[in-house]
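Trainee: There's a structure below that I have some questions on.
Derivation of every value follows stated rules applied to the coordinates shown; laboratory data play no part. These numbers were taken from a predicted model, which means no experiment stands behind them. Virtual Cβ from ideal backbone geometry, glycine too; neighbours counted across all protein chains shown.
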Amino acid sequence: MRLSRHLAVVLTLLALIFAPTMVRSQDAIVYGVMFYSPNCPHCHEVLTNHWPKIQAEFGDQLRVLFISTDTALGRELMQGAALALKLESAGVPMLVIGSEVLIGSVSIPESAPTIIRTGVQNGGIALPSLPGVEDLYRATVDGNGGAVAYIGRADPATSANSAGQTPIERLSRDPVANLLAILILVLLLFTLVGLAVGGWQYATERNPRWLRTMTKRARPDMLLLLSAIGAAITLSLLAGWSNDWFILLLAGGELLVFSSVMIGVNSALKAKPLPRWIVPVLAIAGIAVATYLTYIELTLSSAVCGLLGNCNLVQQSAYARILNVPIGVLGLVGYGAIMLMWLLRRGALEWANRALLALAVFGVAFSTYLTFLEPFVIGATCMWCLLSAVLMLMLLWSLITPVSKPSRRGH
């Protein structure tokens, strides 16, 4: 009997000690804000495959406002959040809980449950103090009496583009980088049109003066111009390397390639042929860029974008894959094939020479399509993608050889 009394006293004391904690834990609420884009495969990965499990674990103790950056309001709120949180770069998906900021489809699933669990145990986490978010939250999540609310689109996994925006609005989202993309787009189109006109002249046995002009006069100037543009892009990447030594090495290597090509082209201005090493060096540089983009796309990681552009927005768009194959992988295959054909051409295989030129032409045409999408459809520009377009264009100009007037049949 005495033992029973002692046991009852102990249980009562334990209840008095832990009951407030249990009540506080049950009443504790963690508030958060998630920025996402319906175009973003990284967002789709988080919101479709991971977030339902996280929400199910915490139920009403986790209340999150989801804001689509495809809307003008969403972009404004995210820009305000980036400034308030003093973020050097921001991409979607981005989850803000208290003072914690998680970006990407790797960081959010790995770290969010621990942050939320700790917050619940410590009595909850208040809504992040971000410009314009509190009023929006009260009107949506609290107003609906639910744990979540979506601003912009009801289904974050729905694929969409920026069809609701005018071309000027898309360009103004990233004016400097988008104008650079347009400049490169003009050079890409000029090259393709020039080859088409020159090829038609050559095929009809007229004087192929356009091809001669391209190969003898325009080629060194174009290679020097493209080298200068490529060097400027790599300098912007180096300036915003974010203490990532791999980026420093990669961008520094690309800068070395452009500088070497400038020297090589200058040495060939006096009627000398271009150095033979230019094509393989450019192909290797392209393989390096494509390898980095492939890593970013396959691991769903955030890229280091440098001072200009928003490569993460581009990589997270619906256009980052074709038939579910990442663009980086296609680029890696393309540059690898060019390198292989160059090696076979060195073995005096004539078909390899034609295949090499055909690959370069296709690569420039594909780069034209991708470069057009960035300023005019996505509204953001990826400096790594522009770097790849410049390298592919330089490869094509390096492979165009001087031609003479074809002899007429029957003469």
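Trainee: Please sort 259-267, 370-378, 74-82 by packing, taking for each peptide the average over its residues of neighbouring beta carbons within 10 angstrom, highest first.
Mentor: In decreasing order of mean packing, 259-267, 370-378, 74-82 become 370-378, 74-82, 259-267.
Trainee: Also, quick follow-up: With viscosity set to 0.692 mPa s at 37 °C, what whole-number translational diffusion coefficient in µm²/s follows for the range 254-301 from Stokes-Einstein and a Kirkwood radius over Cα pairs?
Mentor: Translational D for this selection: 269 µm²/s.
Trainee: Place the peptides 99-106, 288-295 in order of packing, highest mean first, counting for every residue the other Cβ atoms within 10 Å and averaging per peptide.
Mentor: 288-295, 99-106
Trainee: Given +1 on the Cβ of Lys and Arg, -1 on the Cβ of Asp and Glu, and no further charges, what dipole in debye does the range 167-399 carry about its Cα centre, rounded to the nearest 20?
Mentor: 980
Trainee: Please get the size of the charge dipole for the range 29-111, origin at its Cα centre, with Cβ charges of +1 on Lys and Arg and -1 on Asp and Glu, quoted in debye to the nearest 20.
Mentor: With only Lys, Arg, Asp and Glu charged at Cβ, the dipole is about 100 debye.
Trainee: So, R0 is 60 Å and r is the distance between the beta-carbons of R354 and L85; what FRET efficiency does that work out to, to 0.05?
Mentor: Working from the Cβ atoms, E equals 0.65.
Trainee: Mean 1/r over all different Cα pairs, inverted: what Kirkwood radius does the range 23-151 give, in Å?
Mentor: Over the range 23-151, the inverse of the mean reciprocal pair distance is 14.5 Å.
Trainee: Moving to a separate point now. Please give the contour-minus-distance gain from K216 to A28: 0.36 nm per residue of separation, less the Cα-Cα distance, rounded to one decimal in nm.
Mentor: Gain on extension, K216 to A28, equals 60.3 nm.
Trainee: Compute the separation of the alpha-carbon centres of the range 49-90 and the range 212-277 and state it in Å as a whole number.
Mentor: Using only Cα atoms to place each centre, the spacing works out to 40 Å.
Trainee: Under a point-charge model restricted to the Cβ atoms of Lys and Arg (+1) and Asp and Glu (-1), what is the dipole moment magnitude of the range 271-411 relative to its Cα centre, in debye to the nearest 20?
Mentor: In debye, rounded to 20, the range 271-411 gives about 800.
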